[in-house]
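Beneath this line is the structure, given in structure tokens, with notes to follow.
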Amino acid sequence: MSPFLSGMDTARRPTGPWLALVVVVLLMLLVGGAGGLTANLLLTGSTAPEGTLRGQVAMLLGGFAPVALALWLWIRFKEGRPLASVGFGTPPRRALGGMLAALLAFTAIVLVTVLSGQMAFGGQPRWSLLPGVLIALAAYAIQASTEELLCRGFLLQALTRRWGVLAAVLTQAALFAALHTGNVGGLQVLAVLNLVLYGLFTAGWAIAEGGLWGVCGFHLMWNWVQGNVFGASVSGTSVQTALLSLHAGEPSLLNGAAFGLEASVLTTVALALGCALVFAPARRAIRG
């Protein structure tokens, strides 16, 4: 088995699968929830999330930086192993490949929806917002890396050690989707399906790569380009600080309705193709 998947074996006090599941849920719901609310109150004066740049930064930094710190403390002092063993032993430049892949994939999805008349751009690019757009990019780096560290790193390794790779991959993908269902207006079937596919795709990529840099880059660019570049909703959350303004027409399977393009059938196809591309090299990595 690859060193990445067996990373939990390097711990002096390994975390078991059930405890790992509890840790991930508590960190996201309690630590992340409290951090996000506190940051939102300090930066916006409200506890309700909003689509302004301040609201974005509050949600992304306040909601995820404390989670990353708490998980690092758990890995370092409870488990007694370095953070690199969770998936950061590969070259950081692999994040650039992930970013490029996400940029190309999401741009293709947007082009199809625009050319089919399901969505349209409004107005001219708002270059005056570029500084804020770049601030959001840095904030998304924290959010995306934290989620990958939690699900495709820590949790995947803990589950694999006792339950095997297949059960670990399926379980982390299901939990990843469940943790995002609070964003899914009306629990759209395609939105949930795409969240599960995303968890499967990124798990396969991480296993094939032997680390997390690629999926961290993909996750970062996927969220940032759809919200702060194209101006589309990100998992059902509107974004105001965007270079472009992408508007949906009548709700449809192509534009994803209120949840945005992450609930589009085009995203389903893109993620399914991504799974097909990464699963073969992932199987080879598992076999060693």
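The values are calculated or read from the model by the stated rules, or taken from the named source; none is laboratory data. This is a predicted model, so every value here is computed, not measured. With ideal geometry, Cβ positions are generated from the backbone for all residues, glycine too; neighbour counts draw on all protein chains shown. When the accessible area is computed, the model is the full protein with side chains, heavy atoms only, and any ligands, DNA or RNA have been set aside. Shrake-Rupley method; radii C 1.70, N 1.55, O 1.52, S 1.80 Å.
Restricting to Cα pairs below 8 Å that are 6+ residues apart, what does the relative contact order work out to for region 83-231? Please round to a whole percent. The partial results should precede the final answer.
Values: 146 pairs, mean separation 71.9, N = 149.
For region 83-231, the relative contact order is 48 percent.
Among 142-153, 28-39, what's the highest-first ranking by average C-beta atoms within 10 angstrom per residue?
Those peptides, ordered most packed to least, come out 142-153, 28-39.
So between Leu69 and Ala272, what do we pick up on full extension, going 0.36 nm a residue minus the alpha carbon distance? Please report the intermediate quantities before stating the final value.
Details: separation 203, 0.36 × 203 = 73.08 nm, distance 3.28 nm.
That pair, Leu69 and Ala272, stretches by 69.8 nm at full extension.
Report the FRET efficiency, 1/(1 + (r/R0)^6), for Val22 and Gln240, where r is their Cβ-Cβ distance and R0 is 41 Å, rounded to 0.05.
Values: r = 36 Å, r/R0 = 0.88.
The calculated FRET efficiency here is 0.70.
Packing-wise, with mean Cβ within 10 Å as the measure, how do 104-112, 280-288 rank, highest first? Don't skip to the answer; put the middle values down first.
Working: 104-112: 17.4, 280-288: 14.2.
Averaged packing, sorted descending, gives the order 104-112, 280-288.
Relative to the compact globular guide of 2.2 N^0.38 Å, what is the alpha carbon radius of gyration of region 174-288, as a ratio? Spell out each step's value before the answer.
Values: Rg = 14.8 Å, N = 115, 2.2 N^0.38 = 13.4 Å.
Compared with the compact-globule rule of thumb, region 174-288 sits at 1.11.
What does the charge count near Phe279 come to, summing +1 for each Lys or Arg and -1 for each Asp or Glu among other residues with Cβ under 14 Å from its Cβ?
Values: positive: Arg283, Arg284, Arg287; negative: Glu209.
With Lys, Arg at +1 and Asp, Glu at -1, the neighbours total +2.
Test of understanding: extend the Cα→C-beta vector of Ala178 to 7 Å, then name every residue of region 1-19 with backbone N under 15 Å from that spot.
Only 17-19 pass the distance filter.
How many percent of the accessible area of the chain is carbon or sulfur, using a 1.4 Å probe?
Taking all protein chains in place, the chain shows 71 percent carbon and sulfur surface.
Compute the label zone of Ala258 within region 185-220: residues whose backbone N is under 16 Å from the point 7 Å along Cα-to-Cβ.
The answer is 185-192.
Please list 235-241, 72-78, 52-58, 256-262 highest first by mean number of surrounding beta-carbon atoms within 10 Å per residue. Walk me through the intermediate numbers first.
Numbers: 235-241: 19.1, 72-78: 13.7, 52-58: 21.4, 256-262: 24.3.
My ranking of the peptides, most packed first, is 256-262, 52-58, 235-241, 72-78.
Can you tell me the FRET efficiency between Ala280 and Trp163 if r is taken as the Cβ-Cβ distance and R0 is 22 Å, rounded to the nearest 0.05? Provide the component values of the computation, followed by the final result.
Values: r = 22 Å, r/R0 = 1.02.
It comes to 0.45.
What do the square roots of 5 times the Cα gyration tensor eigenvalues come to for region 31-90, in whole Å, largest first, as semi-axes of the equivalent ellipsoid?
Working: eigenvalues 172, 29, 7 Å².
After diagonalising the Cα gyration tensor, the semi-axes are 29, 12, 6 Å.
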